[in-house]
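Working notes, structure below.
The values are calculated or read from the model by the stated rules, or taken from the named source; none is laboratory data. Not measured: the values here are computed from a predicted model. When we count neighbours, we look across all protein chains shown, and the Cβ atoms used for this are built from the backbone with ideal geometry, even at glycine. The accessibility values were calculated without ligands, DNA or RNA, using every heavy atom of the protein model including side chains. Shrake-Rupley method; radii C 1.70, N 1.55, O 1.52, S 1.80 Å.
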Amino acid sequence: MLKKKNRLSGQAYIDGVLNGDRMVLSRAITLVESTLATDQQLAEEVMEGILPYTGKSIRIGITGVPGVGKSTFIERFGKMLIDQGHKLAVLAVDPSSPASGGSILGDKTRMEVLSSDKRAYIRPSPAGTTLGGVSARTREAMLLCEASGYDVILIETVGVGQSETAVKGMTDFFLLLMLAGAGDELQGIKKGIIEMCDALVINKADGENLEAAKRARREYANALHLFASKENGWYPQVKICSGLSGQGLDDIWQMIQGFMEKMKLNGFFEINRSTQRSNWMHEHIQYLLENKFYSDPKIKRELSQILEKVKSGDVSPIIKAKELVGMFLQDQ
Ligand code: GDP
């Protein structure tokens, strides 16, 4: 049973977040992650209050298979940014993380430098069973960080599944980290993910790996030409870097800034953000409806009774689905 924690007033959360109070920011994120109905109401009030102060950061998605060097990259890249005067927030979308707290950012020692620096804020992935739930909460955490003055947001995810689409759907720039010398399939990277990235970065381009990385850069650059150019007029770039030594990171930051400038000039920055907002609403409608449907006691009872028959093929899944939805709507 979840114990209800001491909550602040809506206005206290809003003021604390806007004043850059890290403790209140953390508590506000915990509040939006809560599934308690009373918390949700308060969370909505807080989100509404901070909304006018959001939107001003550069939102960057970073993906790549485990071991590609994401946390090392983020640590070094993030340190470079805060040394340049930025305030950095690092969030994660990791729907597979068990509720026990294990998550890609759960182990803070992965980013020792950033996690002990006041100019950076690191938040592990929220626990959750559905990707929709996890990504909705990450979006809200992102907005809270923006309202709190963080002007660069990095959102990390593991490059093996659906979560890339979710992260792509909430960021301005999507960066894929890869390794040289292993085929895409070996790295578990789906073609769709390569197509959705704005930059493909071959990491660990250092020591004996450097030559292989340069070769891979040429190969990928050629391959990317085969993809249709993007509607926003951006050609995905191929870069090499070493998250360990820091080599190439400045070049990547300049590329991202160049991208932002270009998108703001040609209008695609705002088009992308407004499409994301509208998609977010639709996703949330879906989430609310599904939640209400599956938590309805009558539906729960009915489902438990007919599920076996549907599984064994005795009744039509389509007809049963229609009956259940009809039954649900009747009671509304
Ligand atoms: P993640 O699972 O994607 O977050 O990967 P990590 O950042 O934990 O790195 C996995 C391993 O690769 C660690 O042993 C790192 O020390 C090593 N590594 C990360 N970045 C680099 C790099 O740029 N060059 C080299 N040579 N090794 C790296």
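Residues that are assigned to a helix (DSSP H, G or I) and hydroxyl-bearing (Ser, Thr, Tyr) were ranked within the range 129-155; the one that is nearest to Lys118 (Cα to Cα) is Thr138. Here Ile194 meets each of (1) crowded, with 17+ Cβ neighbours inside 10 Å; (2) modelled with pLDDT under 85; (3) outside any helix (DSSP H, G or I) with one exception, condition (3).
Every condition in (1) within 14 Å of the ligand (Cβ to nearest atom); (2) open to solvent by 10 Å² or more (accessible area, probe 1.4 Å); (3) modelled with pLDDT of 95 or more holds for Pro52 except the one numbered (1). Go through the range 213-252 and give me each residue that's of a type in the set (Gly, Ala, Ser) and within 12 Å of the ligand (Cβ to nearest atom). Scanning the range 213-252 gives Ala213, Ser242, Gly243, Ser245, Gly246, Gly248. Is there a residue in the range 293-305 that is closer than 30 Å to Met142 by Cα and not aromatic (Phe, Trp, Tyr)? Yes, because at least one residue in the range 293-305 is closer than 30 Å to Met142 by Cα and not aromatic (Phe, Trp, Tyr).
Look at the range 60-72: where a residue is more than 19 Å from Ile256 (Cα to Cα) and in contact (Cβ under 8 Å) with a residue 60 or more places away in the chain and a partner is part of a loop (DSSP other than H, G, I, E, B) and more than 6 Å from the ligand (Cβ to nearest atom), sitting 6+ places away or on another chain with Cβ atoms under 6 Å, you get Val65/Gly159; Val65/Gln187; Val65/Gly188; Val68/Leu179.
Among the numbered conditions (1) modelled with pLDDT under 95; (2) surrounded by fewer than 23 Cβ atoms within 10 Å (Cβ to Cβ), the only one that Ala166 does not meet is (2). Taking the listed residues Val32, Val46, the one that is in a helix (DSSP H, G or I) and modelled with pLDDT under 95 is Val32, with no other qualifying.
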